[in-house]
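Bear in mind that the values in this text are calculations on the coordinates, not laboratory data. This one's a predicted model, so the numbers in the text were calculated from it and none came from an experiment. When we count neighbours, we look across all protein chains shown, and the Cβ atoms used for this are built from the backbone with ideal geometry, even at glycine.
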Amino acid sequence: MKLCKWLAPIALLAFTLLPLQAQEHGHEGDLHLGFQDGVLAILSPDEITQEPYWLTVEMEPTGLGFFVVDIGIDFAHEHEGLAPTQHEPMLKQVTLLQHFITPGLYGVVEGEATPVFGVGTAGSLTLVYDPNDPESVHKHVVFSTSQFAPSILQFQLTNGIAHDGTALGNSVVYTLKFQPVPEPASVSILGAGIGWLLLRRRRA
């Protein structure tokens with residue numbers, strides 16, 4: 001637990017100093033949450049909508065020993081069987097419930113200070129649609145880790161309510177697979193090492 005409390009603030013600092021597109025976020029590539037046949041579901045991107053319900057994302061190096069990636073979340077507006085309106089989404093409420101997360105991986109909602117995903121955290125994020133502020137359910141969760149190794153987050157959509165008030169069934173368990181990209185210096189060192197090995201093989 002002490003290790004978790006120590007790593008989380010550093011992960012937050014790493015993101016704070018990283019020049020990500022923090023001011024203007026689009027919706028392209030976001031996880032769009034909705035439902036199908038009365039059951040909560042992620043409707044896009046396509047990769048995570050089909051078995052085995054995985055989505056692989058790359059984590060960029062910060063230069064500070066951390067790797068980060070921004071995951072957008074929003075409510076879908078694909079009204080299946082409902083009368084479509086200009087602004088109302090499919091859902092009124094949903095909770096993203098963490099089932100498993102690799103130790104050392106943390107998720108922080110942009111603009112907030114406390115991780116919502118990670119070992120020792122709440123492990124959940126609830127989104128409630130506000131017609132007076134439609135963008136309130138458009139969140140960006142910044143995931144960070146200091147480990148140069150693949151990490152995963154497994155989560156489920158629960159406590160769903162459709163826009164018309166209908167209670168929805170829980171979704172399947174989804175998996176986000178995080179793949180850190182090497183630091184440029186690490187790539188150079190790796191290339192030099194491979195070159196040295198090839199040179200030795202030639203001489204041999």
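Per-residue 3J(HN,Hα) values for the range 104-121, derived from phi via the Karplus relation 6.51 cos²θ - 1.76 cosθ + 1.60 with θ = phi - 60°, read x, 9, 10, x, 10, 5, 4, x, 10, 10, 10, x, 9, 10, x, 5, x, 9 Hz in sequence order (x marks Gly and Pro).
Between Q36 and D164, the distance separating the two model label sites (each 7 Å from Cα on the Cα→Cβ line) works out to 2.0 nm. Each of Q156 and Q179 was given a label point 7 Å from its Cα along the Cα-to-Cβ line. The distance between the two points is 2.8 nm.
Per the Debye calculation on the range 96-140 with a single equal scatterer at every Cα and no solvent contribution, log₁₀ I(q)/I(0) for q = 0.32 Å⁻¹ amounts to -1.18.
Reducing the range 39-57 and the range 103-130 to their Cα centroids gives an inter-centroid distance of 20 Å.
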